[in-house]
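For reference, the structure discussed in these notes is given below.
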Amino acid sequence: MRALFFEEHGETNRLLFGDRPLPEAGPGEVRVRLRTAALNHLDLFVLGGMPGVPIELPHIGGADGAGVVETVGAGVDGVEPGMEVVFDPGLSCGRCEFCRRGEQSLCERFGVLGEHNDGTFAEAVVVAADSLAPRPGHLSWEESAAFGLTYLTAWRMLITRGGLRPGESVLIHGIGGGVSLACLQLAKLMGARVLVTSRSQKKLDRAAELGADDVLPADDQVAREVRTRTGRRGADIVVDSVGEATWMQSIKAAAKGGRILTCGATSGPNPAEEIRLIFWNQLSIIGSTMGSREDWRQLVSAMNVHKLRPVVDTVLQLAEGRTAYERMERAEQFGKIVLSIDG
Ligand SMILES: [Zn+2]
């Protein structure tokens, strides 16, 4: 099958487009013939190589995709070739205490499709049958590939872990990336007031079109501005997946009793901290990673019921994968960068 892959870690010039063996579905697995795939920031980290996360080379990246079930492995019930599907990109063992509790993203051997095994930047991928969901009928093939990892992450972080309630205010740093846009859409769906930041006026304008109530330039005045706009109260929830560049603003922008949610640290993992504000304002710092199968089921159901549509930035061909990675690297995108794998 044709695939976008790399034989050595490094920059985007390591990416190759060529033939890789067609994977076989083992017990409990299915092979999906992919129509579309989508990039995540994770794909850049995997290409660059992550300390402590050894992967087998050559490697095919990509956590997100949509396609048609092609073959079904032993012991799989209720899945037939020809079904149009999307899938939860979380990989879990199914046996540890956390999996038995239904908390798959806490699995002792948790991994992500395209990070710990071969992913979706190819004509076919093998995934666990219990990760599948029917492709939402209101979405195009491009949109179908564009919500898995980011919306699942946003759903668990905001709703399952963050306990977002209608009427609360939510500050989201760095609008434009997949998780931040998913958080914007889900927070609006939940009836929250949403404040977003970006260094790009263009991204702020787009966020306002998508329903952001307040758009703020991303600078060292964010916390002050949030307080001004919330009657000095601050935000009930702060979504901070930026890390070092924004953390202090997050602590200062949170309302008393507020929750700061993190699912990443794209600007670095070791920010300055202000412990006095954490205890005095009784803040909760809540970490979240991907989602459980139940989070995935709830998310797909909400996508269908509310006809949510992920924002697609660009659609490129699989053969143009290097261009797609480079666009992600320059952080130019607003929404998801999708790869088309047709024909
Ligand atoms: Zn497990």
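The values are calculated or read from the model by the stated rules, or taken from the named source; none is laboratory data. As the structure is a prediction and not an experimental result, all values here were calculated from the model. Here the Cβ is made from the backbone with ideal geometry for all residues, glycine too, and neighbour counts use every protein chain on show.
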Practice item. Kindly establish whether V69 is in contact (Cβ under 8 Å) with a residue 40 or more places away in the chain, part of a strand (DSSP E or B) and within 22 Å of the chain's Cα centre (by Cα). Key: no
Exercise for review: Could you list all residues from the stretch 153-208 that are crowded, with 20+ Cβ neighbours inside 10 Å, out of contact with any strand residue (DSSP E or B) (no Cβ under 7 Å at 6 or more places or on another chain), modelled with pLDDT of 95 or more and not in a helix (DSSP H, G or I)?
Suggested key: none
Exercise for review: Exactly one condition in (1) of a type in the set (D, E, K, R); (2) buried (at least 22 other Cβ atoms within 10 Å of the Cβ); (3) over 18 Å from G163 (Cβ atoms) is not met by D240; state its number.
Suggested key: (3)
Exercise for review: Could you give me the residue pairs with C-beta distances under 6 Å whose first residue belongs to the stretch 84-98 and is more than 6 Å from the ligand (Cβ to nearest atom), whose second residue is among the basic types (K, R) wherever it lies, and which are 6+ apart or on separate chains?
Suggested key: E84/R135; V85/R135; V86/R135
Point to revise | Qualifying position, being surrounded by 14 or more Cβ atoms within 10 Å (Cβ to Cβ) and either closer than 14 Å to Y325 by Cβ or more than 16 Å from the ligand (Cβ to nearest atom) (or both), among G67, G111 | key: G67
Review point. Within the stretch 10-63, how many residues are of a type outside the set (V, I, T) and closer than 21 Å to T150 by Cβ?
Key: 17
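Name the residues in the stretch 284-316 that are part of a strand (DSSP E or B) and over 22 Å from V85 (Cβ atoms), would you? Spell out the reasoning first.
Step one: filter the stretch 284-316 for residues part of a strand (DSSP E or B), giving 284-287, 312-316.
Passing the criteria: S284, I285, I286, G287, D313, T314, L316.
If you go through the stretch 209-225 one residue at a time, how many are assigned to a loop (DSSP other than H, G, I, E, B) and under 22 Å from the mean Cα position of the chain (by Cα)? Give the steps one after another, and end with the answer.
If we filter the stretch 209-225 for residues that are assigned to a loop (DSSP other than H, G, I, E, B), which is where we start, we get 210-213, 218-221.
Filter again for under 22 Å from the mean Cα position of the chain (by Cα), leaving 210-212, 218.
Total meeting the criteria: 4.
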Review point. List, please: which pairs have Cβ atoms under 6 Å, are six or more places apart or on different chains, and start with a residue in the stretch 105-122 that is aliphatic (A, V, I, L, M) and end with one that is outside any loop (DSSP other than H, G, I, E, B)?
Key: L106/F98; A122/A3
